[in-house]
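One structure below.
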Amino acid sequence: MPSFDIVSEVNQVEVQNAVDQSNKEITNRFDFKGSDACVELNDKEKTLTVFGDDEFKLSQVRDVLTGRLAKRGIDVRCLDVGKPETIAGDKVKQVVKVREGIDQELGKKITKLIKDSKIKVQASIQGDAVRVSGAKKDLLQDAIALVRKSITNFPLQFKNFRD
């Protein structure tokens, strides 16, 4: 029976490269001279910490980071931006979480969407992915089109297609 998986993955190597490029650009830019602005990556927690001298520079650093992530092929919809926190005097930091995998709530929404559409396929949650299986490839392609059209606020990939 043909099937495919709906997943949400982020290439951590590309995230690391984007952070390195962002830090390099920040150190070379004239408006950041003498500033402590930078971006740090925590691989274990999959978070980025953005540092700036004030709110304006923090937003500038975040703009540089999102630009570099977009150029490296990382969808910026996977970023969950936290609130800016004040540290040591005027300095501010902001934690940006890199979301990976489909959580239970989104998985339930996708399965309900597919079941309500009356397409003759079955959708089931498999950990942090949703597996969709059906009798024909055409039905699976209809399901992919439906999910692409309906879920726009979260980056999804369609992988592991089996015939």
Subset of segment 130-155 (residues that are touching a residue at least 40 places away in the same chain (Cβ under 8 Å) and assigned to a helix (DSSP H, G or I))
Lys137, Leu140, Ile144, Val147
Considering segment 107-122 alone, what residues qualify as being among the aliphatic types (A, V, I, L, M) and modelled with pLDDT under 90?
Ile119
Checking the structure you have, find out if any residue of segment 3-11 is modelled with pLDDT of 90 or more, closer than 30 Å to Lys137 by Cβ, among the β-branched types (Val, Ile, Thr) and not in a loop (DSSP other than H, G, I, E, B).
yes
Under 8 Å between Cβ atoms, which residue pairs at least 6 apart in sequence (or on different chains) link something in segment 14-42 that is of a type in the set (D, E, K, R) with a partner that is surrounded by fewer than 13 Cβ atoms within 10 Å (Cβ to Cβ)?
Glu14/Gly73
Quick check on my filter: what residues within segment 66-96 are within 18 Å of Glu14 (Cβ to Cβ) and either polar (S, T, N, Q) or touching a Leu at 6+ places or on another chain (Cβ under 7 Å) (or both)?
Thr66, Val76, Val96
Give the residues of segment 101-129 that are touching a strand residue (DSSP E or B) at 6+ places or on another chain (Cβ under 9 Å) and in a loop (DSSP other than H, G, I, E, B), sorted by residue number.
Gly101, Ile102, Ile119, Lys120, Asp128
Checking Asp5 against (1) within 17 Å of the chain's Cα centre (by Cα); (2) closer than 30 Å to Val132 by Cβ, which test does it fail?
(1)
For segment 81-100, give me each residue that is surrounded by 12 or more Cβ atoms within 10 Å (Cβ to Cβ) and either in a strand (DSSP E or B) or within 18 Å of the chain's Cα centre (by Cα) (or both).
Val81, Gly82, Val92, Lys93, Gln94, Val95, Val96, Lys97, Val98, Arg99, Glu100
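The values are calculated or read from the model by the stated rules, or taken from the named source; none is laboratory data. Treat the numbers as computed from the prediction; the structure is a model and nothing was measured. Glycine also receives a Cβ, built like all others from the backbone with ideal geometry; neighbour counts cover every protein chain displayed.
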